[in-house]
Amino acid sequence: MPPPPLRLWRIATGPHPIWSGEGARRFGQRWNPPGLPAIYTGTSFAISLLEILVHANRKTPPSAARYIEAQVPADLPHETFNPAHHPGWNDPHDPTIAQSFGRKWLAERRSALLLVPSAITAGLDTNAIINPDHPDAARITIGPETRLALDPRLFG
């Protein structure tokens, strides 16, 4: 029996299409500088929610929150970032090391999927970055976009 597909979750709160990489392209994130699109996902709904909360900087839940589930075929080639080879990758104030790695990975189109440790859980959880410009990205199945009502107790 073949291994099951990898399940990924993406939660979005901004105005951009949820699976476009446009927000990351416009503003840059930990693993991509501005100008290069990337789609940030988590390997669980919980880590995706934690990533949203740590970056929310809001006193109230965003009204436009929505999520999708994606399925990555088990045979889709991917790359795994090794934090031991990149000290400082998780600096909360300086994304230079992670962005440098991500810039090269995205530009070289080495794979459609990059597995990375979550900086907010000290690497105990895994996030996945999708390169929407890689041909294999089209093999990832995207579920329906669903509105998400976030519990106001999660916000200050």
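Any idea which residue in the range 59-89 is farthest from the chain's Cα centre (by Cα), counting only those that are outside any loop (DSSP other than H, G, I, E, B) and not hydrophobic (A, V, I, L, M, F, W, C)? Quick ask: steps written out before the conclusion?
Taking the range 59-89 first, the residues outside any loop (DSSP other than H, G, I, E, B) are 66-72, 79-80, 83-85.
Adding the requirement that they be not hydrophobic (A, V, I, L, M, F, W, C) leaves 66-67, 69, 71, 79-80, 83, 85.
On the way: Arg66: 14, Tyr67: 12, Glu69: 12, Gln71: 14, Glu79: 14, Thr80: 14, Pro83: 17, His85: 21 Å.
Among them, the one singled out is His85.
Could you check the range 4-37 and list, in sequence order, the residues that are farther than 13 Å from Asp133 by Cα, in contact with a strand residue (DSSP E or B) (Cβ under 6 Å, 6 or more places away or on another chain) and part of a loop (DSSP other than H, G, I, E, B)?
Listed by number, the residues that qualify are Pro5, Ile18, Trp31.
If the Cβ limit is 7 Å and pairs must be 6+ apart or interchain, which residue in the range 65-77 that is in contact (Cβ under 8 Å) with a residue 24 or more places away in the chain and farther than 18 Å from His16 by Cα pairs with which residue that is basic (Lys, Arg) and outside any strand (DSSP E or B)?
So the pair list comes out as Pro73/Arg139; Leu76/Arg139.
Applying the selection to the range 124-138, what residues are surrounded by 14 or more Cβ atoms within 10 Å (Cβ to Cβ) and not hydroxyl-bearing (Ser, Thr, Tyr)?
Taking the range 124-138 as the starting set, the residues that turn out to be surrounded by 14 or more Cβ atoms within 10 Å (Cβ to Cβ) are 125-134, 136-137.
Answer for the range 124-138, where residues must be surrounded by 14 or more Cβ atoms within 10 Å (Cβ to Cβ) and not hydroxyl-bearing (Ser, Thr, Tyr): Asp125, Asn127, Ala128, Ile129, Ile130, Asn131, Pro132, Asp133, His134, Asp136, Ala137.
Just for the range 90-105: of the residues that are part of a loop (DSSP other than H, G, I, E, B) and touching a strand residue (DSSP E or B) at 6+ places or on another chain (Cβ under 8 Å), which one is farthest from Phe27 (Cα to Cα)? Outline the logic, then answer.
As a first pass, look at the range 90-105 and keep what is part of a loop (DSSP other than H, G, I, E, B): 90-95.
Checking which are touching a strand residue (DSSP E or B) at 6+ places or on another chain (Cβ under 8 Å) leaves us with 90, 95.
Working: Asn90: 18, Pro95: 13 Å.
The extreme case among them is Asn90.
Scanning the range 85-112 for residues that are among the aliphatic types (A, V, I, L, M) and free of Cβ contacts under 8 Å to residues at least 60 places away in the same chain, which turns out surrounded by the most Cβ atoms within 10 Å (Cβ to Cβ)? Break it down stepwise before answering.
Of all residues in the range 85-112, those among the aliphatic types (A, V, I, L, M) come to 97-98, 106-107, 112.
With the extra rule that they be free of Cβ contacts under 8 Å to residues at least 60 places away in the same chain, the set shrinks to 97, 112.
Numbers: Ile97: 16, Ala112: 24.
Checking each candidate, the answer is Ala112.
From the list Leu154, Leu150, Leu115, which residue is among the hydrophobic types (A, V, I, L, M, F, W, C), over 17 Å from Leu36 (Cβ atoms) and at pLDDT 95 or above? Walk me through it before giving the result.
Values: Leu154 fails: at pLDDT 95 or above; Leu150 fails: at pLDDT 95 or above.
Going through Leu154, Leu150, Leu115 in turn, the sole match is Leu115.
Criterion first (surrounded by 19 or more Cβ atoms within 10 Å (Cβ to Cβ), aromatic (Phe, Trp, Tyr) and within 16 Å of the chain's Cα centre (by Cα)) does Trp31 satisfy it? Explain how you work it out, then say what you get.
Details: surrounded by 19 or more Cβ atoms within 10 Å (Cβ to Cβ): yes; aromatic (Phe, Trp, Tyr): yes; within 16 Å of the chain's Cα centre (by Cα): yes.
Taking the combined requirement at face value, the residue satisfies it.
Provide a single number: the residues in the range 47-58 that are touching a residue at least 60 places away in the same chain (Cβ under 8 Å), part of a helix (DSSP H, G or I), surrounded by fewer than 16 Cβ atoms within 10 Å (Cβ to Cβ) and out of contact with any helix residue (DSSP H, G or I) (no Cβ under 8 Å at 6 or more places or on another chain).
0
The values are calculated or read from the model by the stated rules, or taken from the named source; none is laboratory data. Just so it is clear, the model here is predicted, and its values are computed rather than measured. A quick note on method: Cβ atoms are made from the backbone with ideal geometry, for glycine too, and the neighbour counts reach across all protein chains shown.
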